[in-house]
Ligand SMILES: [Zn+2]
Ligand SMILES: [Zn+2]
């Protein structure tokens with residue numbers, strides 16, 4: 001499927017390319033304004049949605065409910081602490097074979113996947129223990 005991108009989509013795509021971390025739609029809107037690109041917030045959301053459907057943008061929803069957008073570069077795997085909210089990126093991918101199998105068995109085109117483990121980080125384990133009781 002070949003898709004023609006709109007000008008807004010192109011601008012957002014290029015901005016995401018220059019950022020090395022994921023960003024919320026709200027912050028993306030502010031960044032665009034800083035660069036004198038006047039795109040309304042509603043258009044930012046619409047464009048992100050379209051880019052998502054094209055498989056070039058991925059979304060990650062935080063425990064706060066905030067959605068962070070980034071370009072699809074590689075699969076993301078995280079260890080997230082439920083206490084301090086700190087996320088650690090994991091390099092290894094335990095599910096690549098599964099992805100291949102799912103593509104075949106479900107005839108599903110997989111764009112990317114995310115994998116997130118929740119719990120307490122090293123620091124927070126030490127803090128919560130003695131405080132209980
Ligand atoms: Zn923690
Ligand atoms: Zn993976």
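Structure above, values below:
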read-out	value
Estimated inter-spin distance, residue 79 and residue 105, nm [label 7 Å along Cα→Cβ]	2.9 nm
Cα shape, the stretch 10-133, gyration tensor, a/c 1.5 rule	oblate
Antiparallel DSSP beta bridges within the stretch 50-133, percent to nearest 5	55 percent
Residue 112 versus residue 24: modelled label distance in nm, points set 7 Å from Cα along the beta carbon direction	1.9 nm
Cα gyration tensor shape for the stretch 1-72, rounded if a/c is under 1.5, else prolate or oblate	oblate
Sequence ranges 12-21, 97-106, 45-54, ranked by mean other-Cβ count within 10 angstrom, highest first	45-54, 12-21, 97-106
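Rule-based calculations on the coordinates, nothing more; no lab input. Only a predicted model underlies this, so the values are computations on that prediction, with no experimental measurement involved. Ideal geometry is used to build each Cβ from the backbone, glycine not excepted, and the neighbour counts take in all protein chains shown.
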